[in-house]
Structure formats: structure tokens, C-alpha cells
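For reference, the structure discussed in these notes is given below.
Computed from the coordinates by the stated procedures, all read-outs in this text should not be read as laboratory data. All values reported here derive from a predicted model rather than from experimental measurement. As a convention, Cβ positions derive from the backbone with ideal geometry for all residues, glycine included, and neighbour counts pool all protein chains shown.
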Amino acid sequence: MPTLTSWATWSGPQAPAFDAEGLTQAVRRFREPAHVVRESEQGRIGVAFGGDLSPRPGMRAYPLLATLPALYPEWLGDRSFGEVHGVRFPYVTGAMANGIATPRLVISVARAGMLGFFGAAGLAPDRVEKALVGIETALGRDGPGWGSNLIHSPNEPELEAAVADLYLRRGVRRVSASAYMNLTPAIVRYAATGLSLDPAGRLRRRHCVLAKISRPEVAERFLSPAPAAILESLVAQGLLTRPEATLAARIPLAEDVTVESDSGGHTDNRPLAALFPTICRLREDLAARHEYERPIRVGAAGSLGTPGAVAAAFSLGAAYVLTGSINQAAVESGLSESGRRMLAEAGIADVVMAPAADMFELGVKLQVLRRGTLFAQRAARLYELYVQHDSLESISEEQRERAEREIFRQPLEETWAETRSFWQGRDPKQVERAEREPRHRMALVFRWYLGKSSRWAIEGDESRRLDYQIWCGPAMGAFNAWARGSFLEDPSRREAAQVALNLLEGAAAVTRAQQLRSYGAAVPAAAFDFRPRPLSAAGAPPR
């Protein structure tokens, strides 16, 4: 914390900086202690480095207003986040579905001292396991800096349970829980398995859940102990021990909750400045109600594509930040090169809401790239048909022919044959239901397009470029504007770790600029505009 020392003075061999250029340079030296001083004659506020906090013979003395300690990017968040997860920086890369957050991306950010999550959502368990083996080989099964995604799958609870079982079997220590509306046995079992007490009576977690939420009612479920009914059911099935269930009733399901504001993918489009304080207040109320002894960390995600946005998140009290859309454009991303270049051309308004494949029948939407693709419009047309009709057969011949020509590019019967074959191998119950319920059959056929569209973007199918489904929030456009004219403008140079280091470095500079301005220094706007530059993960060691 800054120390107010209005009775002290500063003197040194180098004069303080009072002008715009000098103050801008002072901001860049945030890794050094800075002295805020006043010029007696004109009353200007300046910044000095080094020197002494007492008069020196033959040197001019300046009244000292404050001394700001050195500031490091790794100190912007909650120190306990790094301690618990074994990482250096309070920075997380999100689990972009369908393997877009690749093992390569996870390994890259983990080696840079950050936490990365593999994008397991939408993948079969065997593909998830193959990816886990690669990550474990590079980082170690118990190594810090990595985890994998567990997504709420209301239409496929068996798949969700199978992935959770895979994580338990392979000893995955961290899970990013996403898209949850209600708690399920799968996430409760994962969180509670392995709970124990150490010799001193302190509770130990084997597994950490980082829950991504955007609604207070969902946050409350993760910030509360697991429901007793689910715990009892798991014990009865032999999936939890009685001691594990007893300990689970004493602690929140998740000790890391990520507040997701306006973002790519599943989002409620809420602004971080409104949502984050609300969740923090809820955290405090629940911690007091349940008398928790361990801290709960609240992180921030959504619309974080510039240093200023990251600094703003930390200023709200974020324990860590999580980025998504901007990593999808990174070279380690599983998105195709053509998809990454489309993202690199996006502006801040080039996003739109569209129906989500995994929760199509519920009317859930996600945010996608609008520029260069017609996916959103075509997906919305399919949802309108679903709402207006009871079956494929009830759709008018004109509407059917248009959908076959513009969207499916084949007869709906062929699409159903492909769809049926897919679900027969993944979840035969879906086929059985579709053959009983014509409306469910229609939903599965329409979901064929929504599922394929993301795959076309991943594979880079140029014949389907106008149908690419690319999850994207406004952070992507903000990042592109910030990166313009720098080495990060080129998509081929956007390494995930390099992007992260620049955002954190810039956030530290912005934080220092605001600190100095709050003490009266006339910090110019240019000091808040940190420009991307090649950075080393080693950086300057924290003191």
C-alpha cells in the first residue's frame, strides 16, 4: 500500500519527472518503487526514483506525498490463486469447446506460468483421454498449470458422467465447470471425491473446480455446499464415501468462481462492472452464512481483450482473469487458419447471438462471429422452423427446399440418415426418442447443421466458409484494435503465452498510471496506452 508521508522529503541525483513524456516513462518503470513528490513553486506533482527520503547536501529536496512499492504483473490478483494452483500469474486460458483449446495451447501457457484448460466439451471420452495423455506427458499428471473442461450436458447426462468418471480415473486435478444451470451428480462427485483431513485437521481437496457462471442463482449453487440429496444418492450408489460426503457438506462446491460477462460462446451478455460486484457480495453473504474457514476466489472473464480491460477487472477485485475469444485466434488454437484470420479481422461490433447446438431445444443462445459468415442467420432460421412446426413433415415444401438448398445442401432424409448414424454410436437413446417423437427428430436434424458448422470452422472447409460457426465476443475486436500496428497484428505471431504476457504487462502499466493519477500527477492519456511488444515469460523477478 502507498505510504503517506507528507512531512518527509525526497532528494536525489536525478530530477523528478513532471512533464508528460517523463510521467509516461515513469509509468513504464512500474517494477521500481516510485516516489510521488510536489514541486514547491508551481505545485506540480511529479514522480522520482531512487534517491533518499531525507535532504542531501547540495541537492534539491521535494516534499514527499507517497511512495509506491514495486508492482509486478503476477501480483495483480489474489496471491492465493497462484499458491493453490501452482502458477506464477493470475491468468487462465478458457476451455474452448471441441478441442479448440488444444493440448498445445494448454502446455504453452502452463509452461509460461499460467493455468490453461483443455476444451473437452463436445468431444467423445476417447478423444478427451487421448488429449489428456498428451498433456500429462508434457506437464505431468499432477503438474500445475493445467486442467480440463466439464460442461453441463442436460441432453446427454450419460456423456457428462462419463467425462467426469474419466477425470477421476486419470487423476485430473482441476476442472473448468461451464454452462451449468443446475448442479448434477457428475460435478458433485468430481468435487467431493478425495476430500480428507490432514493430521492437523485441515481439509484437503484432491480436485479443484473453477466454476464459470454469469447468474447469481447459479453462482449460489457453486458457492454453497453440495446438495444433501445428491450427496446421499452418490453414497448410496457407492460413488462417494460417507466421510467424503460429510466433508463436502462443510465447504462450497467450488472455491474458484469465474464471473463471465459479455463473451463468446454461451453468455448472458451482462457487463462485468454490474455483474462482478453482485457476485462478490453474494460470496460474502454465503461465506458468513455457512461459516466457511477457507477463502473463495472470484475471477473475471468476458470482454477481456486489452490491458485496460484486464486492469479494470483486477481493480474490481478479481482474483484472476480468464480469456477466451482472443486465444481462439492464437496459433496454438484448434481453429483453422482461415478461421483465425477471420477473427483477426473482426471489429468490436462484429458479433451476434445465435442458437446453441447443445441446448437448441431450450432456446439457449451463444455469441458468435458475424463478419464473413452467415451461420447466425441460418441457425436462427432453423430455430424459427423448430418453434413453428411439430415435425419435418409439417414444414412447407417451399421452406423445406430452401433449407435443403441453402443450409443442408442435401435432402433432409440424407441429413437424418447421417444424424441417426451419429447418435446410434454416441447415444442410442436419442435415436429411440426421435423415432417416437417427430419434433425431437426435427431438432436432431437441425442440430446437425449447428454441430457441423463449428467442425467446418475447425477443419477449414473452404466450401463451407459462409457457414463457419466461430464463438466470439467483443473482446476479439477490442484486441484487434489494440494490436493494430504491432507484431501481434499478424495472426501467425499470436502465441497464447505472448498475448497473455502483453495483457498482464499492460495491465500493470495501466494500474501504475492510475495510481499516479490518483495522487495528483498529470498522467497523460498516452501512459494508459501500452503497446504490444515481444516479452519473455521470465521477465524481471518479483522482489
With a point put 7 Å past each Cα toward its Cβ, work out how far residue 387 is from residue 290 in nm, to one decimal.
3.7
Alpha-carbon centroids, the range 492-537 and the range 414-479: separation in whole Å
41
Sparsely packed GluC sites (Glu not before Pro) within the range 1-94, loop by DSSP, other Cβ within 10 Å at most 11
41
Say R0 is 25 Å: what FRET efficiency, to the nearest 0.05, do residue 348 and residue 215 get from their beta-carbon distance?
0.55
Okay, helix-only estimate at 222 nm for the chain: each DSSP H run of n ≥ 4 adds -39500 (n - 2.57), divide by all residues, round to 500 deg cm²/dmol; what do you get?
-12500 deg cm²/dmol
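Sequence gap at least 6, Cα distance under 8 Å: using those rules, report the relative contact order of the range 341-474 to the nearest whole percent.
33
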With the crude spin-label approximation of a point 7 Å out along Cα→Cβ, what separation in nm comes out for residue 437 versus residue 529?
5.6
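List the equivalent ellipsoid semi-axes of the range 74-323 in whole Å, largest first, each obtained as the square root of 5λ for an eigenvalue λ of the Cα gyration tensor. Don't skip to the answer; put the middle values down first.
Details: eigenvalues 120, 98, 65 Å².
One finds semi-axes of 25, 22, 18 Å for the range 74-323.
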Which three numbers, in whole Å and largest first, are the semi-axes of the equivalent ellipsoid of the range 49-104 derived from its Cα gyration tensor as √(5λ)?
46, 12, 9
Determine, at each q value in 0.09, 0.14 (inverse angstroms), the log₁₀ of I(q)/I(0) that the Debye formula gives when each Cα of the range 390-511 is one equal point scatterer.
-0.45, -0.75
Diagonalise the Cα gyration tensor of the range 258-344 and give the resulting equivalent ellipsoid semi-axes, square root of 5 times each eigenvalue, largest first, whole Å.
30, 13, 11
Distance between modelled label sites at residue 396 and residue 461, nm, 7 Å Cα→Cβ extension
2.9
Stokes-Einstein D for the range 344-461 at 4 °C, 1.567 mPa s, Kirkwood Rh over Cα pairs, in µm²/s?
87
Candidates for Cα extents along the principal axes in Å are (1) 70, 52, 51; (2) 176, 54, 35; (3) 93, 57, 40, and the calculated one carries label (3)
For the chain, percent of DSSP beta bridges that are antiparallel (nearest 5) comes out at 45
Go ahead and run the numbers for FRET between residue 126 and residue 518, Cβ-Cβ distance against an R0 of 45 Å, rounding to 0.05.
0.25
Taking alpha-carbon centroids only, the range 84-163 lies from the range 265-293 a number of Å equal to 25
If packing is taken as the average count of other Cβ atoms within 10 Å, what order do 415-421, 213-219, 469-475, 143-149 fall into, highest mean first?
469-475, 143-149, 213-219, 415-421
